[in-house]
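Scroll down for the structure; my scribbles are underneath it.
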Amino acid sequence: MTKSGVAAPLGFRASGVACGLKKNGGYDLAMVVSDITAQAAGIFTTNVVKGHSLMWSRNHIKNGTAKAVVINSGCANACVGPQGDIDAAEMASCAAGLAGCDPSQVMLGSTGVIGFRLDMDKVKRGIEEAFSTLSYEGGAMASKAIMTTDTFPKEASASFVLSGKTVCIGGMAKGSGMIHPNMATMISVLTTDAAISHKLLDKALRTVADSSFNRISVDGDTSVCDKVLLLANGMAGNAPIESEGPAYEAFCQALSEVSVSLSKMLAKDGEGATKLIEIRAEHCRNKNDAHLILNAVAKSPLVKTAIFGQDANWGRIFTAAGYSGANFDPNIVDIYLGDLLVCKNGVAFPFDEGLALEILKKEEITILLDFKAGESCDRIWTCDLSMDYVKINGSYRS
């Protein structure tokens, strides 16, 4: 086994176990522990309905430090009343006793079906087993244990040099459905051995998430359990990053590399998906217009089914942009599928249907809309909408 994902940076151990929460007997509880107390930052779902494990983390990350993360799959621990909060506190207390920290320094995550209480006997046994199997090579196992309808585990890492020291950022993520910008079910844990102030750690996470985790959409649904956590333990030994400048920019660049990589995996693994789609809005009047357009096109079932069917129906793309609420002149818009121009100045442009089909057969496709009205550009990743999406979500609880 090799170091990977959340265990790639120095001083982080991870594990994944099967404690019986999943009906199929798969891995369903992950644990990540830092050798020393780490700076911690997090971003949480904007959904008014929130899971109990998420609320525990959101409330306690305000302290700015954490030592451990525990995430279970197979049950969302959401919408079960006060008992859900009690169970979350018990999870944190159990992990804290093993990790040697205060329960407030244990961040929690739960994902799965809403409305069912956690089986706490199984969870506590799982936490004990996960702690006993923690390893500096355990990142891969942890990434498997947080999966729900995911078809593959998602890990990434990046290394760079700060003040003569090699610094690493690692991460894992899960999510295949109920994914849309605004921290839409996705959960990600990022770790780093960089020494950085809490203020800049929080700023870096929010800045990077806005161009990565908040730029993916599978089905337009925003879950009640979504979060991104970032822990920094400083064990790389670099001169602490305490002000913005070259070191901070280098940190943000590496954090972006990891976050974008994970985000693209999430979009590519959308439930039933066969294609990863990158949609780009260029030369918009402002960032808000670009964002509105991208959200509308990425959420459009007609656009997504056309891509699944390999149909170069660019009119669906244009229509979605038109109802997005963005302000633009439709008479000057160009639309491309890959590098193939299909609409010029708002009018159909003659194109080779055979070439369009070859572009749409690819596993990764780019759609570009050029509005020729300003300097603002943005992009979002999504996936196609297949018949399997309906099959998966029509029997999610069974």
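Indicate the gyration tensor shape class of segment 86-175 (rounded, prolate or oblate), computed on the Cα atoms with a ≥ b ≥ c the square roots of the eigenvalues: a/c under 1.5 is rounded; otherwise a/b larger than b/c is prolate and the rest oblate.
oblate
Peptides 371-379, 356-364: what's the order by average Cβ count within 10 Å, highest mean first?
371-379, 356-364
Select one label from (i) 26, 52, 22, 0; (ii) 29, 53, 18, 0; (iii) 25, 57, 18, 0: the one whose number is P(r) over Cα pairs in 20 Å bins from 0, in percent as derived from the coordinates shown. Given (i) 26, 52, 22, 0; (ii) 29, 53, 18, 0; (iii) 25, 57, 18, 0, the calculated one carries the label (ii). In the context of the full protein assembly, LYS174 retains an accessible surface of approximately 0 Å², using a probe radius of 1.4 Å and ignoring ligands and nucleic acids. Along the charge dipole of the chain, pointing to its positive end and built from +1/-1 on Cβ of Lys, Arg, Asp and Glu, which listed residue (PHE328, MET91, SER243) has its Cα farthest out? Value computed over the given set: MET91. Put VAL106, VAL113 in order of accessible area, highest first, and with a 1.4 Å probe you get VAL113, VAL106. Atom-type composition of the exposed protein surface of segment 219-333 places 49 percent of the accessible area on carbon and sulfur (1.4 angstrom probe). Per residue, the average separation of C-alpha pairs within less than 8 Å and at least 6 apart gives segment 259-324 a relative contact order of 27 percent. Among MET265, MET107, MET235, the sequence by solvent-accessible area, most first, with a 1.4 Å probe is MET235, MET265, MET107.
Decide, for segment 1-135, between rounded, prolate and oblate: order the square roots of the alpha carbon gyration tensor eigenvalues as a ≥ b ≥ c, take rounded if a/c falls under 1.5, and otherwise choose prolate if a/b is larger than b/c, else oblate. Oblate, since a/c reaches 1.5 and b/c is not below a/b.
Add +1 for every Lys or Arg and -1 for every Asp or Glu among the other residues with Cβ under 14 Å from the Cβ of HIS291, and state the total. Summing Lys/Arg as +1 and Asp/Glu as -1 gives +2.
Accessible surface ranking for ASP121, ASP85, 1.4 angstrom probe, highest first: ASP121, ASP85. Taking all protein chains into account, the per residue accessible area for segment 263-364 stands at 45 Å² (1.4 Å probe).
The values are calculated or read from the model by the stated rules, or taken from the named source; none is laboratory data. Quick caveat: nothing in here was measured; it's all calculated off a predicted structure. Virtual Cβ from ideal backbone geometry, glycine too; neighbours counted across all protein chains shown. Please note that ligands, DNA and RNA were not included when accessible areas were found on the heavy atoms of the full protein model with its side chains. Shrake-Rupley method; radii C 1.70, N 1.55, O 1.52, S 1.80 Å.
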